[in-house]
1. What's the number of the only condition in (1) at pLDDT below 95; (2) under 13 Å from the mean Cα position of the chain (by Cα); (3) not polar (S, T, N, Q) that P17 fails to meet?
2. With the structure loaded, tell me whether E117 is open to solvent by 40 Å² or more (accessible area, probe 1.4 Å) and of a type in the set (D, E) or whether it fails that test.
3. (1) among the hydroxyl-bearing types (S, T, Y); (2) over 20 Å from L69 (Cβ atoms); (3) within 15 Å of the chain's Cα centre (by Cα): which one isn't true of S88, the others all being true?
4. V26 - would you say it is loosely packed, with under 14 Cβ neighbours inside 10 Å and at pLDDT below 95?
5. If you go through the stretch 69-82, how many residues are exposed (fewer than 13 other Cβ atoms within 10 Å of the Cβ), closer than 20 Å to V107 by Cβ and touching a residue at least 40 places away in the same chain (Cβ under 8 Å)?
6. Residues that are closer than 16 Å to L112 by Cβ, of a type in the set (S, T, N, Q), at pLDDT 90 or above and open to solvent by 90 Å² or more (accessible area, probe 1.4 Å): does the stretch 32-46 have at least one?
7. So the check is Cβ under 8 Å with 6+ separation or different chains; which pairs have a first residue in the stretch 50-68 that's surrounded by 13 or more Cβ atoms within 10 Å (Cβ to Cβ) and a second one that's of a type outside the set (A, V, I, L, M, F, W, C) and not in a loop (DSSP other than H, G, I, E, B)?
8. I'd like the full set of residues that are touching a Lys or Arg at 6+ places or on another chain (Cβ under 9 Å) and under 13 Å from L72 (Cα atoms), limited to the stretch 89-116.
Amino acid sequence: MSMALKQVFNKDRTFRPKRKFEPTAVPAPKYMSLLMDWIEVQINNEHIFPTNVGTPFPKTFMQVAKKILSRLFRVFVHVYIHHFDRVSQMGAEAHVNTCYKHFYYFVTEFNLTDHKELEPLKEMTSQMCH
């Protein structure tokens, strides 16, 4: 497994190896790539996401799922804050908004993220989803 897949991500868009090291700031594209690699590893881990019928989910399942979703939310925040003009130019505004609405409704319906995590897009969310 590559070092990139062994990273633990933090709220400030830095990552930290499992061992105690100083956080390392990375550019947003690198963060997105590392994040998607990390999520893929989590989802493909049958100890976290069992694939056999009858195999129980681990006690840490909700914790891991919430972490994945909170980090995916950061991707939406980044896109809306830094790239939404480009999304609009491509004519993809409705698609991105619909994707975000589904994400928002899912995490709020099943209480999968702390509401304070949703603060960065609170105003936009209230206009779009209500």
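1. All conditions are met except number (2).
2. In short, no.
3. (3)
4. Spelling it out, it is not the case that V26 is loosely packed, with under 14 Cβ neighbours inside 10 Å and at pLDDT below 95.
5. Selection size over the stretch 69-82: 0.
6. no
7. Listed pairs, sorted by first residue: V64/Q42; I68/Q42.
8. Correct list: V107, L112, T113.
The values are calculated or read from the model by the stated rules, or taken from the named source; none is laboratory data. Fair warning: this is a prediction, and the values are worked out from it, not measured in the lab. All Cβ positions, even for glycine, are placed from backbone atoms using ideal geometry, and neighbour counts span all protein chains on display. The accessibility values were calculated without ligands, DNA or RNA, using every heavy atom of the protein model including side chains. Shrake-Rupley method; radii C 1.70, N 1.55, O 1.52, S 1.80 Å.
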